[in-house]
Amino acid sequence: MIVRIDIEQTETAAFAYRVSYEAETLYDDEDLPSFGEALVAAIEGLAPDVVGVELAYGGVVSGTYPLDVVAANLSQVATHAVNTTAAIFEARSR
């Protein structure tokens, strides 16, 4: 199974996540202090049959990753998601 993880910045220093499968929310949480902590919390609750995640930040999908790649490279995956979203928003504002 490949799930989708949506992460949003809800305040200056607060993040929320939602994990879904086929548009149905499996679980979510909010008021986490960083993007990285929201990503870790989202992954920690995944069922054993999850093999991959589609990651979106601010409504922009940064990629679909095997679960073990995300777990082993959290910082790089998080940075890529933030940078991808920033680049898309910059391109929209031109």
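Structure data summary
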{"item": "Residue that is farthest from Arg18 (Cα to Cα) [pool: residues in segment 54-69 that are buried (at least 18 other Cβ atoms within 10 Å of the Cβ) and under 10 Å from the mean Cα position of the chain (by Cα)]", "result": "Ser62"}
{"item": "Test: Val82 is open to solvent by 20 Å² or more (accessible area, probe 1.4 Å) and in contact with a strand residue (DSSP E or B) (Cβ under 9 Å, 6 or more places away or on another chain)", "result": "yes"}
{"item": "Members of segment 2-53 found to be loosely packed, with under 12 Cβ neighbours inside 10 Å, of a type outside the set (S, T, N, Q) and in a loop (DSSP other than H, G, I, E, B), listed by number", "result": "Ala13, Glu22, Ala23, Pro33, Ala47, Pro48, Asp49"}
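Conditions tested, residue by residue: (1) within 13 Å of the chain's Cα centre (by Cα); (2) at pLDDT 95 or above; (3) β-branched (Val, Ile, Thr); (4) closer than 18 Å to Val3 by Cβ.
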{"site": "Asp29", "(1), (2), (3), (4)": "yes, yes, no, yes"}
{"site": "Val40", "(1), (2), (3), (4)": "yes, yes, yes, yes"}
{"site": "Pro48", "(1), (2), (3), (4)": "no, no, no, yes"}
{"site": "Val77", "(1), (2), (3), (4)": "yes, yes, yes, yes"}
{"site": "Thr85", "(1), (2), (3), (4)": "yes, yes, yes, no"}
{"site": "Glu90", "(1), (2), (3), (4)": "no, no, no, no"}
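The values are calculated or read from the model by the stated rules, or taken from the named source; none is laboratory data. Source: prediction; values computed, not measured. For neighbour counting, all protein chains shown are included, and Cβ atoms are generated from backbone atoms with ideal geometry for every residue, glycine included. Accessible surface is based on the protein model in full, side chains and every heavy atom, while ligands, DNA and RNA are left aside. Shrake-Rupley method; radii C 1.70, N 1.55, O 1.52, S 1.80 Å.
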